[in-house]
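The values are calculated or read from the model by the stated rules, or taken from the named source; none is laboratory data. None of the values given here were measured: they were computed from a predicted structure. So basically every Cβ, Gly included, is an ideal-geometry build from the backbone, and we count neighbours across all protein chains shown.
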Amino acid sequence: GILATAFAEEIHRREFVVTWTMVASVPLFRGLDAAGIAEIMRYLRAQSIPRGAMIVRKGDPAHSMYFIAEGEVEVELAHENVTLGEGQFFGEIAVLHKTLRSADVRATAPTKLLILDAYDLQTLTKRNPEIGEAIREIARSRSELAPAERHGDMIEAELEEPAEDVSET
Ligand code: CMP
């Protein structure tokens, strides 16, 4: 039984083949021609994540960003959770800003991810500036979405005083 479970887990963590359809169905890549999609396919690695597994841990150093080919993840912010699904991406903030991960991200369903390493993201955005701009735009809107969350990005020494209670204003 234990062996079977370990074996099943191993299977679930296995990489799968990145297909043309998976890449082409990511909205961010929709404007690309065949050569552009073929190029991106070469950069992407694939990984299956079992439900419940932590993918990105807040405070960890970042080496890659992730596109959701299938399944669902939850971004665990301090005051709310944000669900991201097929075609959406995450992990771009720390990679773009060269900071530590700003939140935990967990799979809430069996999930297939396409992984893009920071170095390859740089190459990709140099060759496709409009993709780089679209990713930066989303990163910006996510950071602005919940200004109250920003304290979570700081290390404790940076927080000299507790935040003032602004509930009356
Ligand atoms: P990163 O900081 O690398 O790791 C955690 C990720 O969670 C972050 O990149 C974003 O991709 C994602 N994330 C952070 N804040 C939000 C938000 N408000 N809405 C959606 N996703 C977010």
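For the reader, a short list of remarks on this structure follows.
- Subset of the stretch 56-72 that is near the ligand (Cβ under 9 Å from one of its atoms) and hydrophobic (A, V, I, L, M, F, W, C) - its residue that is surrounded by the fewest Cβ atoms within 10 Å (Cβ to Cβ): Ala62
- Of the set (1) modelled with pLDDT of 95 or more; (2) more than 14 Å from the ligand (Cβ to nearest atom), all apply to Ile155 but (1).
- Residue in the stretch 133-142 that is modelled with pLDDT of 95 or more, surrounded by 15 or more Cβ atoms within 10 Å (Cβ to Cβ) and in a strand (DSSP E or B) present: no
- Residues that are touching a Ser or Thr at 6+ places or on another chain (Cβ under 8 Å) and near the ligand (Cβ under 6 Å from one of its atoms) within the stretch 85-94 comprise Gly91, Ile93, Ala94, listed in sequence order.
- When residues of the stretch 43-55 are limited to those that are in a loop (DSSP other than H, G, I, E, B) and closer than 18 Å to Thr108 by Cα, the one nearest to the ligand (Cβ to nearest atom): Ala53
- Boolean, Val82 is crowded, with 18+ Cβ neighbours inside 10 Å and near the ligand (Cβ under 10 Å from one of its atoms): no
- Unique residue being in contact with a strand residue (DSSP E or B) (Cβ under 6 Å, 6 or more places away or on another chain) and not hydroxyl-bearing (Ser, Thr, Tyr) when the list is Phe16, Phe29: Phe16
- Residue that is surrounded by the most Cβ atoms within 10 Å (Cβ to Cβ) [pool: residues in the stretch 35-55 that are in contact (Cβ under 8 Å) with a residue 60 or more places away in the chain and under 23 Å from Arg136 (Cβ atoms)]: Ile40
- Residue in the stretch 26-36 that is modelled with pLDDT of 95 or more, under 17 Å from Leu84 (Cβ atoms) and touching a Gly at 6+ places or on another chain (Cβ under 6 Å) present: yes
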